[in-house]
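All remarks here apply to the structure that follows.
The values are calculated or read from the model by the stated rules, or taken from the named source; none is laboratory data. Remember, predicted model here, so these are calculated numbers, not experimental data. Here the Cβ positions follow ideal geometry from the backbone for every residue, glycine too, while neighbour counts run over all protein chains shown.
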Amino acid sequence: MNKRKVLILSLLLIGVLSSVFCLASCTETDDRPHFTQETTFTLTAAEVMSNDVIGYLSADNTTIVFFPDGRMRLTLTPNPALPGIVSVYMMRHKDDLAGISLSDMDRYTGEVLPGQSFYRLMPALMKLGDSLGLHVNGIDYEGEAAVAFFADLEESHTLPTFAVPKDLTVTIEASYALCEVPSATQEEPFRAIYLGDYADLGGDPILLLTRYTDDEGNEALFLTNETLALRFDFSVR
Amino acid sequence: MKKKALLLCAVILLVSTLFSLVAGCGETAEGPTRQLNFLVLGDSIGEAILGPSPLAARDLYAYCTLIGKVNGYRYHNRAVSGFKTGQLLEYVSRPADENAYTHITLIKEADIIDVSILGNDFLQDGVNRFAEDAMQGDFSRAERILGESYDNLCGIIDRIYELNPDVTLIMQTLYNPLFADTIMLSDVVKQKITEGGFDSYDIGGSLLNRLNDVLYRYLVQHPYKFFIADVNAKFDYAYRKGPQYLERYMYADCVHPSNEGHAAIFSVLQTVLEQLGLADHDRALQNYKDLCSERLTKLYSGTSVNVNDVKKAIKCASTYDKINEIYFDATVDVVPRY
């Protein structure tokens with residue numbers, strides 16, 4: 001893998017990790033302000049680096065749910081056609097995939113999750129869930145196909161082809177708090193949602209969601225990431 | 001006499017109560033004190049998504065949070081991975097806040113802004129090409145890019161002062177990551193370096209000196225516009241002590257600073273802040289000892305690290321660097337609990 005690809009990989013990784021990092025330090029007891037009832041926001045727009053990517057996702061099933069106890073859950077659901085397309089692509093490019101070095105992925109895995117290896121992916125995924133609240137769902141970890149995939153990856157250190165599960169989703173769980181962020185450039189403060197923990201004295205949540213009222217008068221919010229020029233909008237419909 | 005003693009006690013009580021009330025309001029006998037606002041801008045070194053390990057312990061290792069916590073600042077991190085000088089210029093030039101990150105407001109209200117930038121101006125244009133040019137003594141491509149970097153830097157600094165004329169601005173120099181075992185250079189280029197009788201760290205140094213010179217050139221033209229936090233000198237000192245010490249400062253990708261690298265950057269920045277009278281050394285040193293001890297307990301209890309012995313050694317340390325040395329000597333290659 002050339003260095004440019006490594007750089008792109010690391011930037012993508014940073015984008016993804018910075019979007020999930022909020023989960024790193026969740027408070028167990030939380031008296032910060034929360035939604036008083038369970039509130040679900042559904043994806044309405046998704047843009048990455050000026051590209052509309054909403055087609056890659058199942059918008060109706062990509063949601064952020066806020067619970068009154070201070071917990072939230074973001075669910076990313078791919079477009080139902082995507083797992084099939086990816087699976088076919090992988091079958092057609094089997095040899096190319098086998099030639100991809102995964103050493104950079106393994107290097108980052110060992111740093112983000114010390115003691116883990118990308119080549120031993122199943123325990124690494126478990127640790128990802130425990131440590132950062134990021135869960136990959138829809139995989140039958142004890143099923144024949146998954147067991148064979150993980151064993152092949154560990155042995156060959158290359159990416160084996162596999163059938164992407166049709167009901168694959170990614171969920172991110174974290175604590176949250178509602179807040180207002182004053183701005184020197186507008187009269188009204190931003191209505192925001194802090195994800196993860198923050199210190200009373202001036203800590204810094206990694207992910208802030210910005211709330212607004214959309215054109216149809218619905219309560220809405222968006223999340224942004226500068227690295228990926230990412231903006232995902234959600235609204236209560 | 002008894003009455004006088006009672007009266008005296010009452011006065012002492014009253015005075016001490018008043019004093020504690022005043023202190024609670026953030027005031028001292030010398031006048032009101034205010035929590036300082038500290039802001040980090042720039043690239044992934046400042047952002048610290050890649051760097052701290054495990055990622056879940058970012059708040060315990062990233063230098064932005066170390067500076068914030070140890071000094072009791074209100075701190076914010078608005079550095080963005082991948083930012084080149086041109087992108088930072090665009091970011092700070094936006095006319096208004098666009099979302100709850102309120103970066104324009106944070107620049108306006110900051111007492112101290114620390115910036116890590118310039119690295120991606122080189123990195124994203126191909127380190128291998130620059131290294132090959134350097135072997136031939138050709139720095140024209142580097143100089144061309146750094147000319148643009150200089151112009152962007154001027155714009156960034158002008159804009160920051162336009163938003164906040166009173167801010168104390170600190171710019172970090174960039175460290176040389178091209179030690180012999182780096183994965184930043186391709187095998188082909190490494191071979192050329194060896195065959196040409198060069199040393200990769202020297203090649204890196206010739207490039208990094210030009211890169212950091214952008215900051216020094218600016219200061220010659222605009223004296224006292226910012227203060228330098230010489231991170232490069234700190235990392236270079238580690239390398240001169242032995243390349244393995246520099247490698248300990250580096251994350252596995254050989255680009256970003258590791259936990260120990262972040263601690264080293266913290267030490268450099270903290271020293272600058274103390275020299276500028278913006279931080280109280282005794283209080284910060286004690287807070288840093290406490291922070292490191294708590295971190296040790298949290299991450300290394302139940303591992304092979306003798307937590308109590310290390311905490312005792314940290315308690316006796318008299319400098320930030322000594323604390324870092326004790327902590328990281330004890331924890332190197334030990335998998336934390338997280």
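Only residues that are under 24 Å from residue B:150 (Cα atoms) and touching a Cys at 6+ places or on another chain (Cβ under 8 Å) were counted across the stretch B:38-78, and they come to 3. Among the residues of the stretch A:106-123, write down those that are in a helix (DSSP H, G or I) and free of Cβ contacts under 8 Å to residues at least 60 places away in the same chain. Those that are in a helix (DSSP H, G or I) and free of Cβ contacts under 8 Å to residues at least 60 places away in the same chain: A:106, A:107, A:109, A:110, A:111, A:121, A:122, A:123. Among the conditions (1) buried (at least 18 other Cβ atoms within 10 Å of the Cβ); (2) modelled with pLDDT under 95, the only one that residue A:166 does not satisfy is (1).
Could you look through the stretch A:80-112, keep only residues that are touching a Pro at 6+ places or on another chain (Cβ under 9 Å) and within 14 Å of chain B (Cβ to nearest Cβ), and pick out the one that is surrounded by the most Cβ atoms within 10 Å (Cβ to Cβ)? Going through the qualifying residues, I end up with A:112.
Among the residues of the stretch B:97-116, the one identified as at the interface with chain A (Cβ under 7 Å from one of its Cβ atoms) and among the small types (Gly, Ala, Ser) is B:100. Set side by side, the residues B:295, B:240 differ, and just one is in the same structural domain as residue B:43 (by TED's automatic domain parsing), among the basic types (Lys, Arg) and at pLDDT 95 or above, which is B:240. Residues that are without any contact (Cβ under 8 Å) to a residue 24 or more places away in the chain and hydroxyl-bearing (Ser, Thr, Tyr) within the stretch B:204-233 comprise B:216, B:224, listed in sequence order. The residues in the stretch B:205-235 that are farther than 16 Å from residue B:119 by Cα and either not hydroxyl-bearing (Ser, Thr, Tyr) or not assigned by TED's automatic domain parsing to the domain that holds residue B:184 (or both) can be counted, and the count is 10.
Looking at the stretch B:244-255, can you tell me whether even one residue there is buried (at least 16 other Cβ atoms within 10 Å of the Cβ), β-branched (Val, Ile, Thr), in contact (Cβ under 8 Å) with a residue 12 or more places away in the chain and not assigned by TED's automatic domain parsing to the domain that holds residue B:322?
The answer is yes; a qualifying residue exists.
It is to be established whether one or more residues within the stretch B:256-268 are among the β-branched types (Val, Ile, Thr), at pLDDT 95 or above and more than 20 Å from residue B:314 (Cα to Cα). No, there is no match, as no residue in the stretch B:256-268 is among the β-branched types (Val, Ile, Thr), at pLDDT 95 or above and more than 20 Å from residue B:314 (Cα to Cα).
The condition of being within 14 Å of chain A (Cβ to nearest Cβ), surrounded by fewer than 21 Cβ atoms within 10 Å (Cβ to Cβ) and touching a residue at least 60 places away in the same chain (Cβ under 8 Å) holds for only one of B:181, B:187, B:236, that being B:181.
Consider residue B:215 carefully, then state whether it is assigned to a loop (DSSP other than H, G, I, E, B), modelled with pLDDT of 95 or more and buried (at least 20 other Cβ atoms within 10 Å of the Cβ). Give the derivation first.
Values: assigned to a loop (DSSP other than H, G, I, E, B): no; modelled with pLDDT of 95 or more: yes; buried (at least 20 other Cβ atoms within 10 Å of the Cβ): yes.
Answer is no for this residue.
May I ask you to verify whether residue B:94 is out of contact with any Cys (no Cβ under 8 Å at 6 or more places or on another chain) and either more than 9 Å from every other protein chain (Cβ to nearest Cβ) or modelled with pLDDT of 95 or more (or both)? Considered against the rule, which asks whether it is out of contact with any Cys (no Cβ under 8 Å at 6 or more places or on another chain) and either more than 9 Å from every other protein chain (Cβ to nearest Cβ) or modelled with pLDDT of 95 or more (or both), residue B:94 comes out as yes.
Considered as a group, the residues in the stretch B:66-90 that are surrounded by fewer than 20 Cβ atoms within 10 Å (Cβ to Cβ) and over 19 Å from the mean Cα position of the chain (by Cα) include one that is farthest from the other protein chains (Cβ to nearest Cβ), and that residue is B:86. Filtering B:157, B:170 for residues that are within 30 Å of residue A:183 (Cβ to Cβ), touching a helix residue (DSSP H, G or I) at 6+ places or on another chain (Cβ under 7 Å) and not charged (D, E, K, R) leaves a single hit, B:170.
Just to be sure, is residue B:158 surrounded by fewer than 16 Cβ atoms within 10 Å (Cβ to Cβ) and within 30 Å of residue B:96 (Cβ to Cβ)?
Yes, satisfied.
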